[in-house]
Amino acid sequence: MRRGRHTRTLLAALALGAGALLVAAPAAMAGAIFPESGGSPNADDISTLYEITFYIGLVIFIGVEGTLIWSLVKYRARRGGPPAEQIHGNTPLEVGWTMGAAAIVVVLAAVTFVYLDDITNPPASGPDGLQAAEAVQFAAINQTEPPGGEGLKIGVNGQQYLWRYDYPGDQPLFAYHEMVVPVNTTVLLEITSQDVAHSWWIPELGGKADALPGHVNETWFKISEPGVYSGQCAELCGDNHADMRATVRALPVAEYEAWAQQQRADIQEAQEALAEQRERREETETRQ
Ligand SMILES: [Cu+2]
């Protein structure tokens with residue numbers, strides 16, 4: 001009798017502890033159990049899809065393990081008890097769990113296809129997004145274009161061990177390491193590599209995309225709040241793979257345009273300085 005009470009107290013304490021862990025888990029495990037999200041709608045959809053699958057799996061896990069443990073305890077061999085009943089087959093049960101499992105697969109597939117559309121297809125830019133991008137023409141290879149064709153297309157080029165970003169426009173505009181983008185604008189990425197296989201991945205902005213030499217992969221993101229999003233090359237690409245970080249900085253549209261103007265001016269200035277230097281060198285060489 002006393003032993004029974006002790007066991008009950010112990011079980012209650014264990015249940016309480018497990019409950020407290022479950023309550024504390026979401027905060028402590030942000031990004032550890034569920035995919036990071038919050039930067040772009042496709043990342044949010046990926047995370048939601050993962051959570052749906054996770055919770056269905058959790059219910060099944062608790063159901064199966066609970067039944068197993070309950071059966072082990074309830075039907076355990078007792079000294080002097082009757083011999084165990086030998087049961088072979090149970091058609092209704094077997095048909096039930098086969099159909100149940102099939103139903104879960106069908107539900108998961110249906111839910112996935114519902115979300116997949118929003119994950120792969122870029123949405124339209126917001127009304128307060130970059131309007132200058134309207135004029136940009138798209139020639140997407142695999143990816144559907146955002147509705148209305150508005151968006152900012154940026155070339156992402158992986159190189160041992162950095163990322164280069166090329167922006168559209170007549171005047172050269174490019175950047176290394178940090179990609180600067182306007183908020184509320186659908187940004188389409190054309191990802192490639194000029195040496196070995198790399199992988200572009202900013203977890204809060206969506207899934208990974210391989211950066212491969214001779215091939216262009218496409219993905220997109222759309223950031224609603226200004227902020228900085230970090231990532232890391234996700235394909236072992238050589239000695240300094242660990243240093244191959246990437247950052248995306250989302251700015252209000254006016255600040256983005258100011259950045260682009262300054263960056264274009266800096267690039268032009270550097271190119272002119274280089275040309276001047278070469279001219280001077282050639283002049284001194286011809287004089288000698
Ligand atoms: Cu790499």
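The values are calculated or read from the model by the stated rules, or taken from the named source; none is laboratory data. Here the structure is a predicted model, which is why all the values come from computation and not from measurement. Heads up, the Cβs are rebuilt from the backbone with ideal geometry, glycines too, and the neighbour counts pull from every protein chain shown. Ligands, DNA and RNA are excluded from the accessible area calculation, which covers all protein heavy atoms including side chains. Shrake-Rupley method; radii C 1.70, N 1.55, O 1.52, S 1.80 Å.
Tabulated data
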| quantity | calculated |
| --- | --- |
| Cut-off under 5 Å, modelled amide H: who pairs with Ser199 long-range | Ala211, Ala234, Glu235 |
| For the chain, Kirkwood radius (reciprocal of mean inverse C-alpha pair distance, Å) | 23.9 Å |
| Residue of Leu189, Leu16, Leu274 that the Gaussian network model of the chain assigns the largest fluctuation, springs spanning Cα pairs under 10 Å | Leu16 |
| Between the stretch 181-247 and the stretch 83-135, the alpha-carbon center distance in angstrom | 27 Å |
| The chain, accessible area per residue, ligands and nucleic acids excluded (1.4 Å, Å²) | 65 Å² |
| Shape call, the stretch 140-232: gyration tensor on alpha carbons, a/c limit 1.5 | rounded |
| Charge dipole magnitude, Cβ of K and R +1, D and E -1 - the chain, Cα centre, debye nearest 20 | 2800 debye |
| Fraction of accessible area attributable to carbon and sulfur, the chain (%, probe 1.4 Å) | 59 percent |
| Hits among lysines - C-alpha to C-alpha of Lys153 under 26 Å, sequence gap 8 or more where chains match | Lys208, Lys222 |
| Calculated from backbone phi, Karplus (6.51, -1.76, 1.60) coupling profile of the stretch 37-48 in Hz, x at Gly/Pro | 8, x, x, 8, x, 5, 5, 5, 5, 4, 5, 4 |
| Long-range HN-HN contacts of Gly38 with modeled amide H, under 5 Å | Asp44 |
| Interchain or long-range residues, amide H under 5 Å from Glu190's placed H | Ile154, Gly155, Val156 |
| Among beta bridges that DSSP assigns inside the chain, antiparallel share in %, nearest 5 | 65 percent |
| Net lengthening on full extension, Gln131/Thr98 (0.36 nm per residue, minus Cα-Cα) | 6.5 nm |
| FRET efficiency, 1/(1 + (r/R0)^6) with R0 35 Å, evaluated for Gln171 and Arg245 via beta carbons | 0.80 |
| Fully extended contour minus Cα-Cα distance, from Leu108 to Leu11, at 0.36 nm per residue | 31.5 nm |
